[in-house]
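To start, the structure itself, in structure tokens.
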Amino acid sequence: MKVLLVNGSPKEKGCTFTALSEIKGVLENNGIETDFFHLGKAPVHGCIGCRACGELGKCVFDDDVCNSLADEMKKADGIILGSPVYYAGANGAFCAVLDRVFYSQSRSFEGKPGAAIVSCRRGGASSAFDRLNKYFTISSMPVVPSQYWNAVHGNTPEDVAQDKEGLQIMRTLGANMAWMLKSLQNNPTPKREPREWTNFIKR
């Protein structure tokens, strides 16, 4: 079994990476393989609503990290999304990519456990955390809990290393992810009904 740890920060080895690394250690101690995927600093596209992904099976924009991230997420058994907090929200570039990944591939993620973690200097963690969790709940993905909201605090990796509660929350999350993956191994999530679409405009 493998968990993909997605670092949605432009900084490859910053605070978000520090938090994800704490989770990585617990997962590997539980016999779960891990891979990192870093968003990077290159420009990314936002979704333009063209719906070409329905025919192509991938996003029409193939010149940024979107499709390669989607491929790695499809290969993983569990997914953890990590982001810094910017203006009480997740990194905008990360959300632009995730909008496209989940719009084009969400059926591929059904039944896979997902978790979000955020890193902030001081405030805005809960709203950023909520934003990321919505990707899972709209995609029929079980959301993995911890002992508190999944956040670490600090302005540098060294600060985060001093956030004892935050790091414990990460370790608890890692243990819960390992437990859920093993629990689902012989007891997969239910198949869903054919999708019903209801628009709220009456004609």
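For the chain, what relative contact order do you get, as a whole percent, if you take Cα pairs closer than 8 Å and at least 6 residues apart? Before the final figure, lay out each step's value.
Values: 358 pairs, mean separation 47.9, N = 203.
Worked out over the chain, it gives 24 percent.
Quick check: residue separation of Tyr103 and Lys41 times 0.36 nm, minus the Cα distance between them. What number comes out in nm?
Full extension of this stretch gives 20.1 nm more.
Among the complete DSSP H segments of the chain, which ones combine at least 24 Å of alpha-carbon extent along their axis with a mean Kyte-Doolittle hydropathy of -1.0 or more? Don't skip to the answer; put the middle values down first.
Details: long enough: 164-185 (32 Å, -0.02).
Correct list, ordered by number: 164-185.
If the elastic network links every pair of Cα atoms under 10 Å, which of Arg192, Arg107, Arg131 fluctuates the most in the Gaussian network model of the chain?
Looking only at Arg192, Arg107, Arg131, the largest GNM fluctuation is found for Arg192.
Loop-only check: which trypsin sites (Lys or Arg not before Pro) in the stretch 1-40 are DSSP coil with at most 13 other Cβ within 10 angstrom?
Those that pass, being in a loop and sparsely packed, are Lys13.
As an exercise, take the mean of 1/r over every pair of distinct alpha carbons in the chain, invert it, and state the Kirkwood radius in angstroms.
Details: mean 1/r = 0.0578 Å⁻¹.
It is 17.3 Å.
Using the structure shown, select from Lys13/Lys191; Lys164/Lys191; Lys2/Lys191; Lys74/Lys191; Lys58/Lys164 the pairs with a Cα to Cα distance greater than 29 angstrom.
Pairs exceeding 29 Å: Lys13/Lys191; Lys164/Lys191; Lys58/Lys164.
Connecting C-alpha atoms closer than 10 Å in a GNM of the chain, tell me which of Ala151, Ala19, Ala52 has the biggest fluctuation.
Ala52
What are the chymotrypsin sites (Phe, Trp or Tyr not before Pro) within the stretch 162-203 that DSSP puts in a loop, where the Cβ has at most 13 other Cβ atoms within 10 Å? Write out the running numbers ahead of the final one.
Numbers: sites: Trp179, Trp197, Phe200; in loops: Trp197, Phe200.
Qualifying residues, ordered by number: Trp197, Phe200.
For n ≥ 4 DSSP H runs only, could you compute -39500 (n - 2.57) per run for the chain, divide by its residues and tell me the 222 nm figure to the nearest 500?
Computed ellipticity for the chain at 222 nm equals -12500 deg cm²/dmol.
Suppose we keep just the DSSP beta bridges with both residues in the chain; what percent of those would be antiparallel, to 5?
Details: 2 of 23 bridges.
Looking only at bridges with both residues in the chain, the antiparallel portion is about 10 percent.
Quick note: the coordinates plus some simple rules give every number you see, no bench work behind them. The shown structure was predicted, so the numbers you read here are calculated from the model rather than taken from an experiment. Please note: Cβ atoms are built from the backbone with ideal geometry, for glycine as well, and neighbour counts cover all protein chains shown.
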